[in-house]
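Everything below concerns the one structure shown next.
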Amino acid sequence: MTNTFKITLRISLAILLGLSLVVPQAYANHSWGKYHWDLSTADTMANPLNLGDNLTNGWSTNLSTASVDWNVSVLKNEVVPGASNANCDPTLGEVEVCNAEYGSNNWLGIAQVWTYRRGGHIAQAVVQLNDTYFDTPTYNTTPWRNLVMCQEVGHTFGLGHQDENFSNTNLGTCMDYTSDPTGLAGSNGTLNNEHPNQHDYDQLVSIYAHLNETSGGSNGKGGKGKPSTTPNITSSAQSEWGQAIAQDAQGRDSVFVRNENGFEVTTHVLWTMEYEGHDEHND
């Protein structure tokens, strides 16, 4: 073996090793589940996905920020007056966004998604934001409100988290757990976690890339394949979320699934930083 060939071989191996270290991070998949709205970009440009504003206490500003942020993606949305009642019941073909004092149950926000059990397309979704904690000094800040609003709306589009450790360096996306959304405290780096990042947009391209047109099945606007039964109300209590199917980096149950009236209902919960995940049911 000549010296030239040895040098070439070493360089090639080094390049391959470098790619093996880089690729998993660059192409990390953080879709939340194998479901999505049965809507193409063209569909939502003509008829945006509705985000129903049922909000009080200044939350409408945070929803507007999230709407603008997510409209950079391939799935277009529009904030409209909410059609929900005080319980934040779902509306077929829409996302209802609500806030209230849901109690000292240790969660900041939840996103619930109803999918048709046949076809896996999203039928409807809700976001709930817990003012019991957002009325406290720790969380009653614009950065925390932006982060949680952006994250829960992102879940209703089909996205999961990029990272679930509050202590890790900020990734610069609202789909990342953090103890410092601004990145200004120094403990989580310097990146701001109040908005989506390019990786979130790329992931949505991946999720919705095959949707050149709607399938003609049960579509995301609730017009085709609409079930004859009425969807149940939103469940803000952990005891009603069904079976836990995933845990976050702190070992706390974070994704739950239950079946109801022909739908599969998936609940994603963002716990407070302080919650340690004891075995208890929150009522």
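The table below lists the values:
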{"item": "Matching residues in region 94-105 - criterion: being crowded, with 20+ Cβ neighbours inside 10 Å and not charged (D, E, K, R)", "result": "95, 97, 98, 99, 102, 105"}
{"item": "Any hit, region 135-158, residues being of a type outside the set (Asp, Glu), touching a residue at least 60 places away in the same chain (Cβ under 8 Å), in contact with a His (Cβ under 6 Å, 6 or more places away or on another chain) and in a loop (DSSP other than H, G, I, E, B)", "result": "yes"}
{"item": "Test: residue 199 is surrounded by 16 or more Cβ atoms within 10 Å (Cβ to Cβ), modelled with pLDDT of 95 or more and outside any helix (DSSP H, G or I)", "result": "no"}
{"item": "Residue list for region 78-99, filter: in contact with a helix residue (DSSP H, G or I) (Cβ under 8 Å, 6 or more places away or on another chain) and either of a type in the set (Val, Ile, Thr) or without any contact (Cβ under 8 Å) to a residue 40 or more places away in the chain (or both)", "result": "78, 79, 95, 97"}
{"item": "Whichever residue in region 41-73 is among the hydrophobic types (A, V, I, L, M, F, W, C) and part of a helix (DSSP H, G or I) and, among such residues, is farthest from residue 95 (Cα to Cα)", "result": "42"}
{"item": "Counted residues, region 51-89 - those being among the polar types (S, T, N, Q), crowded, with 19+ Cβ neighbours inside 10 Å and more than 16 Å from the chain's Cα centre (by Cα)", "result": "2"}
{"item": "Residue within region 167-188 that is modelled with pLDDT under 95 and on the phi > 0 side of the Ramachandran plot present", "result": "yes"}
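The values are calculated or read from the model by the stated rules, or taken from the named source; none is laboratory data. Predicted, not measured: the structure shown is a model, and the values here were computed from it. Neighbour counts run over all protein chains shown; Cβ positions are idealised from the backbone, glycine included.
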